[in-house]
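Participant: For reference, the structure I am asking about is given below.
The values are calculated or read from the model by the stated rules, or taken from the named source; none is laboratory data. Keep in mind it's a predicted model, so treat the numbers as computed, not measured. In this analysis, Cβ positions are derived from the backbone assuming ideal geometry, glycine residues included, and neighbour counts consider all displayed protein chains.
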Amino acid sequence: MSAVRCPAGHVSASTDYCDTCGAPIAPGTPAGPGGPEASAPPPAVGSAPTGGPTTTCPSCAAPAATGALFCERCGYDFTTGTAPEPFAGTGVEAGETPERGDGPREPEPEADPGSRSRPPRAAGGARPGETGLLRSAGSGRISTPTHAPESTSPAAPSPPAAEPWVVEVWVDPEWYADQQAPDPLPSGAPPGLVVLRERSVLVGRASASRHIHPQVDCGSDTAVSRRHCQLNTDGRRWWVEDLESSNGTFVGRPGESLPQEPLVPGRRQELGDGDRVYVGAWTRLVVRRALPGEI
């Protein structure tokens with residue numbers, strides 16, 4: 001079949017509508033010169049058609065052949081005078097060239113189905129009950145909530161206070177008789193009471209010249225060394241340790257007979273509540289828990 005030329009000047013192999021612009025071709029239109037093989041290539045989009053009078057598109061100002069039905073550049077309908085509708089999805093008006101990077105917009109992600117049941121966000125971007133950092137509207141600064149959530153976990157209980165202990169200082173005639181000391185026995189008197197307020201307590205006799213000041217001072221019992229023995233505690237239990245005294249340190253239990261074997265110097269022995277510690281010629285120490293009202 002011979003090629004024909006459409007009213008816009010395009011060579012078309014189809015004889016009813018132009019292959020290039022779609023313009024209807026009247027029956028009996030003469031074939032183009034030279035046939036399809038000799039036909040010139042169609043003009044580029046936006047360029048003025050070759051041959052014949054031209055006009056200007058009122059929509060995009062592109063040249064168009066006189067009698068053309070549509071603008072080859074923007075699709076303006078010359079017959080009805082209808083401007084072309086913008087191409088959906090590009091965001092660019094008809095006849096405009098998209099800038100670099102423009103393209104079809106990607107579909108927005110669908111909303112989370114569970115978001116419909118969420119409470120609306122309060123001012124500042126946080127939902128009711130949410131805590132954490134809040135970004136102030138219109139600024140890049142991050143602010144913290146005014147009130148921190150109260151802790152619902154119970155506070156750890158504080159360790160119980162150590163039970164107070166005391167030392168009774170007695171003049172013991174039975175111990176004095178067993179020691180056969182040459183010094184006279186002091187007259188009987190109520191026992192002295194020393195509250196054990198420190199973890200390490202020295203038992204002995206005071207000496208100003210040697211700067212010895214024991215917490216448990218055995219007074220006039222000269223058979224007691226200046227630094228005779230020491231009481232130590234871990235806050236719950238008490239131990240006694242002989243400090244290489246001259247006459248030794250002895251430990252007895254309530255209701256038992258007088259002890260006969262002294263402690264090994266430097267070796268601690270644990271004391272029970274009410275145990276007796278014998279030192280010197282007549283001194284008996286009773287280590288026990290304090291009674292109500294004694295502290």
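Participant: Can you tell which of 6, 18, 74 is modelled with pLDDT of 75 or more and under 60 Å from the mean Cα position of the chain (by Cα)?
Facilitator: On the way: 6 fails: under 60 Å from the mean Cα position of the chain (by Cα); 18 fails: under 60 Å from the mean Cα position of the chain (by Cα).
Going through 6, 18, 74 in turn, just one is modelled with pLDDT of 75 or more and under 60 Å from the mean Cα position of the chain (by Cα): 74.
Participant: Anything in the range 223-244 that is of a type in the set (S, T, N, Q) and either in a strand (DSSP E or B) or at pLDDT below 95 (or both)? List them, or say none. Let's see the steps before the verdict.
Facilitator: Narrowing the range 223-244 to residues of a type in the set (S, T, N, Q): 225, 230, 232-233.
Hits for the range 223-244 are 230, 232, 233.
Participant: Next question, about the same structure. Go through 161, 177 for me and flag whichever is exposed (fewer than 15 other Cβ atoms within 10 Å of the Cβ) and either modelled with pLDDT under 95 or in a strand (DSSP E or B) (or both).
Facilitator: Numbers: 177 fails: either modelled with pLDDT under 95 or in a strand (DSSP E or B) (or both).
Matching residue, one of 161, 177: 161.
Participant: I've got another one for you. Identify, please: which residue in the range 282-293 is out of contact with any Gly (no Cβ under 9 Å at 6 or more places or on another chain) and surrounded by 23 or more Cβ atoms within 10 Å (Cβ to Cβ) and is, among those, nearest to residue 238 (Cα to Cα)?
Facilitator: Looking at the filtered set, the residue picked out is 285.
Participant: Now for a different question. Does residue 254 satisfy the condition of being at pLDDT below 95, closer than 21 Å to residue 291 by Cα, more than 56 Å from the chain's Cα centre (by Cα) and surrounded by fewer than 18 Cβ atoms within 10 Å (Cβ to Cβ)? It would help to see each step written out before you state the result.
Facilitator: On the way: at pLDDT below 95: yes; closer than 21 Å to residue 291 by Cα: yes; more than 56 Å from the chain's Cα centre (by Cα): yes; surrounded by fewer than 18 Cβ atoms within 10 Å (Cβ to Cβ): yes.
Judged against the criteria, residue 254 is a match.
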